[in-house]
Amino acid sequence: MDTPAIRVEGFTKRYGKRVAADGLSLTVQAGEIYGLVGADGAGKSSLMKAVAGVLAFDAGTVEVFGTRVDSERSAEQVKRRIGFLPQGLGLNLYPDLSIEENVDFFGRLRGVPAAELLERKRQLLEMTRLDSFRARPMRQLSGGMKQKLGLVCTLIHEPDLVILDEPTTGVDPVSRRDFWAILGKLLEEKGVTALVSTAYLDEADRFHRVSLFHEGKVMGEGTPAELVATVPGTLALFRAEPQAEALPRLKAAFPQTEAMGAWLRVFAEGLDAPRAREAVDKALAGIPPTDWFAREPELEDVFVAMLRQRGAKLESAFPADSRVPAASTDLAIEARGLTRLFGDFRAADAVSFSVPQGEIFGLLGANGAGKTTVIKMLTGILKPSSGEGRVAGADMRSAGLAIKERIGYMSQAFSLYHDLSVIENIRLYAGIYGLDGRQAQRRSDWVIGMAGLAGFENDAAGRLPMGLRQRLALGCALVHEPRVLFLDEPTSGVDPIGRRMFWDILFHLSRREGVAILVTTHYMSEAEHCDHLALMYAGRVVADASPEAMKAEVSAESGQLLELRVDRPVPAQAALRAAGFASATLHGRAVHLLSRDAAGDLARLPGKLAEAGITVQSATLRPLSMEDVFVQRITALEAADRKAS
């Protein structure tokens, strides 16, 4: 049998008293894309740095291409065959150098001959669509462009193994798909092996095999299909009104229940579709479910089920009372023609939308689309160049302090003082918002209960697990009982249970307390939780509708989504695009495409691909996701801009 690209046995790494990796074992075969999937702090980065030969460890063995990496000398032997992209946007790049200068630097550093460097640079920059930006300094690139440049610099010496640590975190969905398409093509053509980590469970389908990481341990390993099969059950999607009453009834019977906009999403573990329907009807106790869909669970459902089997809780911090406040027609947020110029650059261009009290409103867009600029204008942090806005009844141009007193704001970069304890952070924010002693105590008790922080009151905020830290930040933003809440990328890096509990809190705040919530997110699955969405592109709002309406519009324009599982994905994608399916994208061993004649193409395409020597293992219809909508809309706008220029 061929020597594996990577073999790890009993890998253990400690940082002081904290065990980051606890007896990890895995084997990666040459030529495969192997995924390490888990939240921040799960142990992925420690293992990847050890494999790359840049981190010492406490116990176990790490072998790369048959060489045991246990000394500086052995590490240097394997580094020549490795490309390593560390976690963080552009952290392996030089901000003052241009795209071309960065590539040239890494090529010379890796000893690539001048003629080969010229040709490889041309191919990689064309493939990543960075060719026309060669002279642009790295510091002026969007997050997606930085990651694509980082990949180019990692691959410029044609390594046998690439190690990519969360390469798509903080990157918009279009750039994520570009990234995966580039990587898949290069690995197919060059026979390269890839070890890739991600916190996005929806990316697991792109890997040949996966290890699920949690708190320094591997909970499961295998192909995505094998892992899904380990926890049988049915995923049900339906509506039930009133939703705020239906949700707690369902949660009592099915711990893995979520509200997703107007829909309810239930994982009925261990039940087939008919039995799942019976159990849901019984749990709803007289509230009739409508628009029922049942299908196989997704890997995130399985991951959460595994965590629950190990004792993790999905308990709501709020009582399951039956009181549902009357829907409000008052507008909590109004943006009318908001524009912000930075020199000649329009960061926000005549942005208009409105958010009623009690609604969860999602602001979506690629890196640099203008989302954070809009939030900063509405919260009074940044003055608009033109336009008007009202927040919680106050004019954003003149109210100033009044707006700050009426809103909660959880920023993308900073919300907590990490050296202060949990209770000290809460009391600090209570003081900033002018709460007296009795009010501060009452709200501190509320935040501790809401965020599940009992027992952690005296722990430093910086030492909390990511999920708890984010819920503490949310609690601090809510300590003064605002009617409007702004959340900028609030769950980046949070584990699946932490994200679900976070959204459970947001649902309660909107439905039972009438708080209006404006949220930005790069998790397209989270966009499904929103009641309404505004999609931004180049500073403008280009779509404004509910998630269901956006999906229906894309489906009417471009067709239904087909999934073809094939033996040779990269040639299959090329053949499908040549046949006129420009939307064909890679998803691990599958290709997704939009079809205006779904039934006909499901019957016709397997034979068409067989003519090209490609075997179709399965061909099925899949529901459109918000990621599909986002990518379709943004790529169409990008194409129109290129044509116009």
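Table for the structure above
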{"quantity": "Residue that is modelled with the lowest pLDDT, among those in segment 195-217 that are assigned to a strand (DSSP E or B) and buried (at least 23 other Cβ atoms within 10 Å of the Cβ)", "calculated": "Thr198"}
{"quantity": "Close pairs (8 angstrom Cβ cut-off, 6 or more residues apart or separate chains): acidic (Asp, Glu) in segment 266-286, assigned to a helix (DSSP H, G or I) anywhere", "calculated": "Glu269/Ala305"}
{"quantity": "Residues (within 23 Å of Val519 (Cβ to Cβ), in contact (Cβ under 8 Å) with a residue 40 or more places away in the chain and crowded, with 20+ Cβ neighbours inside 10 Å) located in segment 417-448", "calculated": "Asn425, Ile426, Tyr429"}
{"quantity": "Total residues in segment 594-630, condition in a helix (DSSP H, G or I) and in contact with a Gly (Cβ under 8 Å, 6 or more places away or on another chain)", "calculated": "1"}
{"quantity": "Residue in segment 611-624 that is surrounded by 14 or more Cβ atoms within 10 Å (Cβ to Cβ), in contact (Cβ under 8 Å) with a residue 60 or more places away in the chain and either in contact with a Pro (Cβ under 7 Å, 6 or more places away or on another chain) or assigned by TED's automatic domain parsing to the domain that holds Arg129 (or both) present", "calculated": "no"}
{"quantity": "Odd one out for Gly455 among (1) surrounded by fewer than 16 Cβ atoms within 10 Å (Cβ to Cβ); (2) at positive phi; (3) modelled with pLDDT under 85", "calculated": "(3)"}
{"quantity": "Segment 94-113, residues that are in contact with a strand residue (DSSP E or B) (Cβ under 8 Å, 6 or more places away or on another chain), assigned to a loop (DSSP other than H, G, I, E, B) and surrounded by 14 or more Cβ atoms within 10 Å (Cβ to Cβ)", "calculated": "Leu97"}
{"quantity": "Tabulated pairs, segment 56-82, first farther than 22 Å from Gly31 by Cα, second aromatic (Phe, Trp, Tyr), C-beta under 6 angstrom, 6+ apart or interchain", "calculated": "Gly60/Phe11"}
{"quantity": "Any hit, segment 71-80, residues being in contact with a helix residue (DSSP H, G or I) (Cβ under 7 Å, 6 or more places away or on another chain) and either surrounded by fewer than 16 Cβ atoms within 10 Å (Cβ to Cβ) or not β-branched (Val, Ile, Thr) (or both)", "calculated": "no"}
{"quantity": "Count of segment 608-643 residues which are of a type outside the set (Ser, Thr, Tyr) and within 14 Å of Leu364 (Cβ to Cβ)", "calculated": "10"}
{"quantity": "Test: residue in segment 559-577 that is closer than 17 Å to Gly184 by Cβ, in a helix (DSSP H, G or I), without any contact (Cβ under 8 Å) to a residue 12 or more places away in the chain and hydrophobic (A, V, I, L, M, F, W, C)", "calculated": "yes"}
{"quantity": "Residue list for segment 372-389, filter: surrounded by 21 or more Cβ atoms within 10 Å (Cβ to Cβ) and assigned to a loop (DSSP other than H, G, I, E, B)", "calculated": "Thr379, Gly380, Pro384"}
{"quantity": "Close pairs (8 angstrom Cβ cut-off, 6 or more residues apart or separate chains): more than 12 Å from Arg511 (Cα to Cα) in segment 222-251, of a type in the set (Phe, Trp, Tyr) and surrounded by fewer than 18 Cβ atoms within 10 Å (Cβ to Cβ) anywhere", "calculated": "Ala236/Trp292; Ala236/Phe293; Leu237/Trp292; Leu237/Phe293; Phe238/Trp292; Phe238/Phe293"}
{"quantity": "Qualifying residue in segment 390-405 (condition: surrounded by fewer than 21 Cβ atoms within 10 Å (Cβ to Cβ), within 25 Å of the chain's Cα centre (by Cα) and assigned by TED's automatic domain parsing to the domain that holds Thr339)", "calculated": "no"}
{"quantity": "Boolean, Gly43 is surrounded by 18 or more Cβ atoms within 10 Å (Cβ to Cβ), in contact (Cβ under 8 Å) with a residue 60 or more places away in the chain and assigned by TED's automatic domain parsing to the domain that holds His208", "calculated": "yes"}
{"quantity": "Test: residue in segment 199-219 that is on the phi > 0 side of the Ramachandran plot and without any contact (Cβ under 8 Å) to a residue 60 or more places away in the chain", "calculated": "no"}
{"quantity": "The listed residue being basic (Lys, Arg), without any contact (Cβ under 8 Å) to a residue 40 or more places away in the chain and either assigned by TED's automatic domain parsing to the domain that holds Ser411 or surrounded by fewer than 23 Cβ atoms within 10 Å (Cβ to Cβ) (or both), out of Arg511, Arg540, Arg483, Arg471", "calculated": "Arg471"}
{"quantity": "Matching residues, segment 452-499, being among the acidic types (Asp, Glu) and assigned to a loop (DSSP other than H, G, I, E, B)", "calculated": "Glu457, Asp459, Glu481, Glu489, Asp495"}
{"quantity": "Where a residue in segment 303-324 is of a type outside the set (A, V, I, L, M, F, W, C) and its partner, wherever it lies, is modelled with pLDDT of 60 or more, with Cβ under 7 Å and at least six apart", "calculated": "Arg308/Pro255; Arg308/Leu314; Ser316/Lys251; Ser316/Asp504; Ser322/Glu245"}
{"quantity": "Single residue of Leu227, Leu250, Leu235 found to be in contact with a strand residue (DSSP E or B) (Cβ under 6 Å, 6 or more places away or on another chain) and part of a strand (DSSP E or B)", "calculated": "Leu235"}
{"quantity": "Single condition Leu271 does not satisfy, out of (1) of a type in the set (A, V, I, L, M); (2) farther than 15 Å from Val231 by Cβ; (3) modelled with pLDDT of 85 or more; (4) not in a strand (DSSP E or B)", "calculated": "(2)"}
{"quantity": "Residue in segment 180-189 that is within 17 Å of the chain's Cα centre (by Cα) and surrounded by 24 or more Cβ atoms within 10 Å (Cβ to Cβ) present", "calculated": "no"}
{"quantity": "Within segment 136-150, tally of residues that are within 19 Å of the chain's Cα centre (by Cα) and among the aliphatic types (A, V, I, L, M)", "calculated": "1"}
{"quantity": "Scan of segment 578-593 for residues that are at pLDDT 90 or above and either more than 25 Å from the chain's Cα centre (by Cα) or in a loop (DSSP other than H, G, I, E, B) (or both), ordered by number", "calculated": "Ala578, Ala579, Gly580, Phe581"}
{"quantity": "Count of segment 103-133 residues which are more than 21 Å from Lys190 (Cβ to Cβ) and of a type in the set (S, T, N, Q)", "calculated": "1"}
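The values are calculated or read from the model by the stated rules, or taken from the named source; none is laboratory data. The structure presented is a predicted model; accordingly, all values stated were derived computationally and were not measured. No Cβ is skipped: glycine too gets one built from the backbone with ideal geometry, and neighbour counts run over all protein chains shown.
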